[in-house]
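Enquirer: Handing you a structure now.
Taken together, the values in this text are just the output of simple stated rules run on the coordinates, not laboratory data. Worth saying up front: this structure is predicted, and the values here are computed from it rather than measured. Here the Cβ positions follow ideal geometry from the backbone for every residue, glycine too, while neighbour counts run over all protein chains shown.
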Amino acid sequence: MDYTHLISSIVRGMEYFFHAHLLLALLAYIVVAALLRKHMRHLGYRDISHEKVPFEKFKAPKVSILIPVFNEQEGIIESVQASLSTDYPNFEIWVIDDGSSDQTLNQLQESFLLKPIETQKCQPLCQTQATRVFQSSTWPNLRVIQKPHSGKADSLNMGIQYSQGQYVCCIDSDSIITPDALRKLIIKFINEPTLIALGGAIAPSNEIMVRQGEVLRKPTKTSIFVGVQIIEYLRSFTAWRTGWSYLDGLLIIGGALTVFEKSAVLKVGGYRTDASCEDLEIILTLHEYHLKNNLPYKIWTIPNVICWTRVPKTKEDLKRQRIRWMWGALQSLRWHKQLMFTQKSALIGWFSFPHIVFIEAFAPVIELLGLLSMIACALTGLLSFSSCLIYGLLIYALSGFYSWYAIATNDHYINSFQSLQQILRLGAVGLIEPIGYRQRDAYWRMIGWWRWINGQPIKW
Amino acid sequence: MMIFNWHLDPLLLYALVLSAILLSGIMFQMATIVTKHQRKYQSELIQKRFVDLLNQSIQKCNAEHINDLQTEIAEINQLIELHKKEVANAWMRLLEKTQPAQRSVYIDVIKHTHMLHCIPHCLYEEGLAERCIALEAIGLSGFEAYATETAMFANDKGVAPYACIALARLKKIEAMPVILNAYQVGALSTTQALSAIAEIPSAQIAHFLLQPEAASMPDRLKTYMLT
């Protein structure tokens with residue numbers, strides 16, 4: 001075969017592959033985005049008063065808020081105070097100090113006047129035992145567990161074991177929930193008896209301020225670095241995961257705010273302590289368990305409950321986070337590979353799980369290899385300049401469209417931005433993000449891939 | 001060098017068309033957001049003007065200048081004539097924010113206006129959201145004249161929660177059979193039914209639960225009842 005013809009066929013093949021991958025991703029996005037609207041209607045979401053169920057007039061089911069904490073002296077008091085200000089009447093808070101070496105426990109003791117109470121034997125969920133347990137003198141429903149350092153998953157397991165609620169609400173120690181968050185989440189559990197896990201949306205807290213329990217966005221300009229992360233969270237939580245919820249094909253809920261039916265978590269043995277992404281891991285485990293045992297269940301996320309969490313402020317922190325996410329995702333996806341093409345659920349087995357593996361997990365690989373091969377082809381004259389320009393434009397337009405769709409959806413249903421100026425500024429960030437930021441993110445995720453393939457462990 | 005003429009290459013043409021569609025989509029979404037915010041801003045101005053006029057009227061009432069209300073009433077009526085939707089929304093939000101005991105002050109003033117014209121307009125001539133607003137306004141204002149019409153919406157999915165809450169506010173325990181029926185036909189979710197029941201005085205609910213009719217209450221609702 002003629003050499004030029006062979007090269008030409010390879011380049012052509014790559015073009016077809018690029019188009020096929022892009023088209024599949026776009027089609028999946030269109031389907032999920034269309035279902036997002038149905039899900040919002042299905043949830044009966046409307047910003048009028050019937051959402052404000054007066055739980056204080058009824059037997060509200062008990063909710064246990066679990067806050068695992070490790071060396072978080074900076075934000076722990078604010079986070080606990082935000083949880084205490086919830087307007088839901090029947091709740092308890094368990095702060096699990098995972099062997100902090102800083103002033104976290106002292107600060108909790110001083111702020112909430114903690115006094116020691118009796119410890120329990122904690123089995124079979126936890127690997128460690130509590131060294132001390134405290135109760136607040138000012139807030140009797142606030143308790144703090146001190147334990148040796150064994151990781152976030154084990155801390156959550158200890159919290160689950162100690163908790164007395166019908167539902168457990170797991171919150172990150174650097175996160176803030178609004179007073180109405182718990183109420184809005186529990187409404188969904190009451191209305192949907194088969195619901196076993198429910199998450200809220202996650203948004204960066206770096207650019208908000210809390211005034212009398214109300215969360216306001218700072219009027220100052222958001223940096224592009226944080227803006228890009230706001231866009232990513234909007235795309236992921238508002239548009240993407242909400243759409244998957246309607247299909248009952250949601251495979252991940254952000255760990256910063258998740259409510260579980262406690263009995264469901266106990267059935268699967270709690271969080272797996274050797275998982276790097278415990279939030280993805282527990283959801284996959286719940287899916288697998290319920291499918292295997294033919295139990296009816298639903299796992300959802302709702303975008304109108306926002307958990308404000310601190311996002312990385314420096315490039316190094318962001319890089320570490322992205323590498324860990326990729327590594328942890330690959331670890332959990334491998335552990336649950338039996339979900340691929342499972343006969344128990346056509347949706348999970350043939351759509352949702354293959355999508356997360358082939359479209360999402362492989363995205364950085366395809367993105368970077370595509371970019372590198374396009375540059376190489378252009379430099380060697382295998383691809384014309386106009387072709388490169390058109391493909392670049394297509395990728396740019398697609399990323400920009402995803403971002404603007406997420407912003408428009410947020411504005412339509414959730415309205416979490418106060419002014420048009422804020423929205424347009426964020427939209428501008430969404431149009432900058434595909435140039436440079438996206439490729440850098442893909443590169444970091446590739447490092448995660450590389451380390452996972454080579455069996456190199458990652459650190460928090 | 002292999003050169004693909006983009007205008008002859010179907011793959012490149014397809015990529016170009018797709019890019020154009022997506023970029024148009026971005027422009028469309030931008031335009032939608034800007035238009036929506038402009039409309040929202042206009043609507044907020046009207047709502048603010050309506051509330052200001054109401055407050056001015058109340059101040060005059062307090063100062064016993066009731067006869068001087070004509071200017072404010074005329075302006076409120078003009079707003080109602082031109083912007084029924086916005087006025088109904090402002091009225092509903094105002095009452096929602098006001099303590100039940102203080103609502104009568106506003107209701108006494110609004111009775112002098114053409115406010116009642118707003119309600120049928122929003123109920124029958126506007127969309128779903130406006131219908132919900134009108135039903136909320138009926139319940140919060142205690143417009144008993146609309147009780148029958150409110151009951152007609154009790155089984156309509158989407159507006160049923162608003163209709164049942166409004167009916168419970170107007171008719172108290174007499175609304176219970178309508179609420180339970182709406183729940184049983186699936187027009188209300190459990191929490192929506194509970195929200196409506198919460199508008200009925202606790203003593204009346206306690207009495208109802210002792211009656212034989214209470215047997216018709218679904219177990220799922222009973223689970224959450226305190227008494």
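Enquirer: Could you state the principal axis extents of the C-alpha atoms in chain A, from the largest down, to the nearest angstrom?
Expert: Taking the Cα atoms of chain A, the three principal extents are 82, 47, 43 Å.
Enquirer: For a footprinting-style exposure proxy, rank A:C377, B:C164, A:C170 by other Cβ within 10 Å, fewest first.
Expert: Exposure proxy ranking, most exposed first: A:C377, A:C170, B:C164.
Enquirer: What fraction of the DSSP beta bridges in the protein assembly as shown is antiparallel, stated in percent and rounded to the nearest 5? Before the final figure, lay out the partial values.
Expert: Values: 24 of 50 bridges.
Taking every DSSP beta bridge with both residues in the protein assembly as shown, the antiparallel ones total about 50 percent.
Enquirer: Something else now. What are the equivalent ellipsoid semi-axes of chain B, built from the alpha-carbon gyration tensor (square roots of five times its eigenvalues), in whole angstrom, biggest first?
Expert: So the equivalent ellipsoid measures 44, 31, 13 Å along its semi-axes.
Enquirer: Spin-label point model (7 Å from Cα, Cβ direction): what's the B:A214 to B:A20 distance in nm?
Expert: A separation of 7.1 nm, rounded to one decimal place.
Enquirer: Using only the alpha carbons of segment B:88-190, what is the convex hull's orientation-averaged projected area in square nanometres?
Expert: Working: hull surface 25.2 nm².
Approximately 6.3 nm², given one-decimal rounding.
Enquirer: I would also like to ask the following. Treat the count of other C-beta atoms within 10 Å as a stand-in for reagent exposure and order A:L368, B:L94 from fewest to most.
Expert: If I rank by nearby Cβ atoms, fewest first, I get A:L368, B:L94.
Enquirer: So which trypsin sites (Lys or Arg not before Pro) in segment B:88-118 end up in coil per DSSP with only 11 or fewer other C-beta atoms within 10 Å?
Expert: For trypsin sites (Lys or Arg not before Pro) across segment B:88-118 that sit outside H, G, I, E and B with at most 11 neighbouring Cβ atoms in 10 Å, the list reads B:K111.
Enquirer: Efficiency by 1/(1 + (r/R0)^6): what FRET value for B:H114 and B:K172, r their Cβ-Cβ distance, R0 = 25 Å, to the nearest 0.05?
Expert: 0.30
Enquirer: What is the local net charge at A:K292, summed over the other residues whose Cβ is closer than 13 Å to its Cβ (Lys, Arg +1; Asp, Glu -1)?
Expert: +1
Enquirer: Continuing with the same structure: Where does chain A land at 222 nm, in deg cm²/dmol rounded to the nearest 500, when only DSSP H runs of n ≥ 4 count, each adding -39500 (n - 2.57), divided by all residues?
Expert: One gets -15000 deg cm²/dmol as the mean residue ellipticity at 222 nm.
Enquirer: Taking a threshold of 32 Å on the Cα-Cα distance, which of the pairs B:K60/B:K85; A:K267/A:K315; A:K184/A:K267; A:K188/A:K315 fall above it? Don't skip to the end; give the middle numbers.
Expert: Values: B:K60/B:K85 26 Å; A:K267/A:K315 40 Å; A:K184/A:K267 25 Å; A:K188/A:K315 38 Å.
Distance filter (> 32 Å) returns A:K267/A:K315; A:K188/A:K315.
Enquirer: For a quick check: sort B:T113, B:T71 by the number of other beta carbons within 10 angstrom, fewest at the front.
Expert: Details: B:T113 23, B:T71 12.
Ranking B:T113, B:T71 by Cβ neighbours within 10 Å, fewest first, gives B:T71, B:T113.
Enquirer: 222 nm [θ] for chain B, helices only, -39500 (n - 2.57) per DSSP H run of 4+, per residue, to 500?
Expert: Numbers: 12 runs with 163 residues, N = 227.
Result for chain B, helices only: -23000 deg cm²/dmol.
Enquirer: Taking only Cα atoms of segment B:4-51, what ratio of Rg to Rh do you get with Rh as the Kirkwood inverse-distance radius?
Expert: Ratio value, two decimals: 1.48.
Enquirer: Here's another thing I want to ask about it. What is the mean projected area of the alpha carbon convex hull for segment B:47-142, to one decimal in square nanometres?
Expert: 5.5 nm²
Enquirer: How large is the Kirkwood hydrodynamic radius of segment B:147-227, counting all unique pairs of alpha carbons, in Å?
Expert: The answer is 12.2 Å.
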